[in-house]
1. Contact order normalised by length for the chain, with contacts defined as Cα pairs under 8 Å and 6 or more residues apart; what percent is it?
2. Full-extension gain between residue 83 and residue 4, please, as 0.36 nm times their residue separation minus the C-alpha to C-alpha distance.
3. Quick one: angle between helix 54-69 and the longest Cα principal axis of the chain, in degrees between 0 and 90, rounded to 10, please.
4. Could you tell me the convex hull volume per residue, in Å³, taken over the Cα atoms of the stretch 90-145?
5. Roughly speaking, to the nearest percent, how much of the chain's 1.4 Å accessible area is carbon and sulfur?
6. Tell me the per residue accessible area of the chain using a 1.4 Å probe; a whole number in Å² is fine.
7. Using packing as a proxy for protection, rank 97-105, 63-71, 111-119 so that the peptide with the highest average count of other Cβ atoms within 10 Å comes first.
8. Two-decimal Rg/Rh of the stretch 48-172 from alpha-carbon positions, Kirkwood Rh?
Amino acid sequence: VISRHPLLALRRHLLPRRARADRLNLQRGALEALVAAPTGLLRFYSVHLDHVDSSERLAQIAALRAIALDYGMTGGAISGTAEVGFPELPASPDLVLAGDFNLEPGSPDYLALTGDGRLVDASRGDDGWSWTDPAGVKPVQRLDYAFANPELAARIISVRIDRQATGSDHMP
């Protein structure tokens with residue numbers, strides 16, 4: 001996570017995974033950053049979900065939603081700081097989940113993230129592609145997203161995919 005604004009707290013979250021011998025299976029996760037943005041505190045999650053198994057990805061989505069949407073109950077990266085003489089970090093309702101979700105618009109995985117309306121695709125349904133096959137065999141796909149709470153999504157002015165970027169098969 002890179003920000004021009006101060007990062008007040010960071011924490012990493014390991015997402016569910018199970019052993020898989022037939023295909024590569026990496027430990028997936030999300031990095032949470034509490035950002036002191038000029039418009040107020042923002043929780044930002046850098047996300048990478050499984051690329052092969054939809055059932056594993058659905059378990060990761062359920063865990064990610066619990067992490068992000070139950071933030072007030074879990075206390076963020078640190079709580080109880082008054083005991084050591086520091087102010088408590090405030091809980092921010094505004095959040096962004098961004099990164100490689102390895103799912104396509106309208107898929108069951110996508111609907112598991114957005115179906116109840118508590119998270120919104122911040123690109124407002126842009127069906128543009130964000131991934132290209134390095135081997136040039138598969139067609140381009142939309143696998144990368146920025147999801148936000150509805151109140152923050154309504155304030156987002158613009159979102160774009162930089163298809164001129166180099167260095168990865170995923171476009172920022």
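The values are calculated or read from the model by the stated rules, or taken from the named source; none is laboratory data. Please read all numbers here as calculations on a predicted model, not as lab measurements. Virtual Cβ from ideal backbone geometry, glycine too; neighbours counted across all protein chains shown. Quick note on the areas: whole protein, heavy atoms, side chains included, nothing else; ligands and nucleic acids left out. Shrake-Rupley method; radii C 1.70, N 1.55, O 1.52, S 1.80 Å.
1. Reported relative contact order: 17 percent.
2. Gain on stretching residue 83 to residue 4: 25.4 nm.
3. 20
4. Output value, Cα hull per residue: 91 Å³.
5. 58
6. Solvent-accessible surface per residue comes out at 57 Å².
7. 97-105, 63-71, 111-119
8. 1.04
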